[in-house]
Every structure is written in C-alpha cells, then in structure tokens.
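Asker: First the structure, which I've put down as structure tokens, then a few questions once you've had a look.
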Amino acid sequence: MAPRPKVPFWLHPAVKLRANIEIAQGTDLALSPDGAVAAVIRGRWGQKRLELHTLATGVVEDALPNVGDLNIELPAWSRDGRRWAVAGMRFEG
C-alpha cells in the first residue's frame, strides 16, 4: 500500500465552502484566532483592499478600502482577535 501524501496546509474547522463568500478570489487570507472571521485581501496591485468575512453569517465588512498606490498584503491577527494588521508597500520609480 502506498503512503498517503502529506498535505502542506490544513483548513480550520470553521472554514466551510459557501457560495456567498468569495474568499477564493482573494490574494491573502488570515483566520482570526477563534476561526470566526477571515481577513481577506482582494484586488490588483495598487487597488487592494482588506475585507473581513464573518464565516457564520457571510457578512463582509470593508475594513480597509483601496488606499491608492499602497499595496497591502500579509494580513495578521492579534492573539486575542481584537486587532488586525497588514504589511504595506509602495512602489516609487
């Protein structure tokens, strides 16, 4: 019997496939520590925005709208889940 392949990632049990949450269209994602909210970065370079998706209800909050030529990425949550942060990069040249 062949060994089972190793999967390099796992999904939090709170994440379910839902037709009303377009997480798959995002470029970066971070789940809150309790798994209730997904911070999703969406958009093209210079047009990215951060959305907070409440997984149980499908409600989407535009937490950080398009900030012009500032490219945001790598969302992260604080340990208590009360705050989020993103990295920003600006291209000048």
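Asker: Report, by residue number, each residue of region 37-63 that is farther than 15 Å from T27 by Cα, touching a strand residue (DSSP E or B) at 6+ places or on another chain (Cβ under 7 Å) and either open to solvent by 30 Å² or more (accessible area, probe 1.4 Å) or not in a loop (DSSP other than H, G, I, E, B) (or both).
Answerer: Result: V37, T54, V60, E61, D62, A63.
Asker: Continuing with the same structure: Among the residues of region 47-81, which ones are closer than 21 Å to E92 by Cβ and touching a residue at least 40 places away in the same chain (Cβ under 8 Å)?
Answerer: E73, L74 - these are the residues of region 47-81 that are closer than 21 Å to E92 by Cβ and touching a residue at least 40 places away in the same chain (Cβ under 8 Å).
The values are calculated or read from the model by the stated rules, or taken from the named source; none is laboratory data. Keep in mind that what you see is a predicted model, and the values were worked out from it rather than measured. Here the Cβ is made from the backbone with ideal geometry for all residues, glycine too, and neighbour counts use every protein chain on show. Heavy atoms of the whole protein, side chains included, go into the accessibility calculation; ligands, DNA and RNA do not. Shrake-Rupley method; radii C 1.70, N 1.55, O 1.52, S 1.80 Å.
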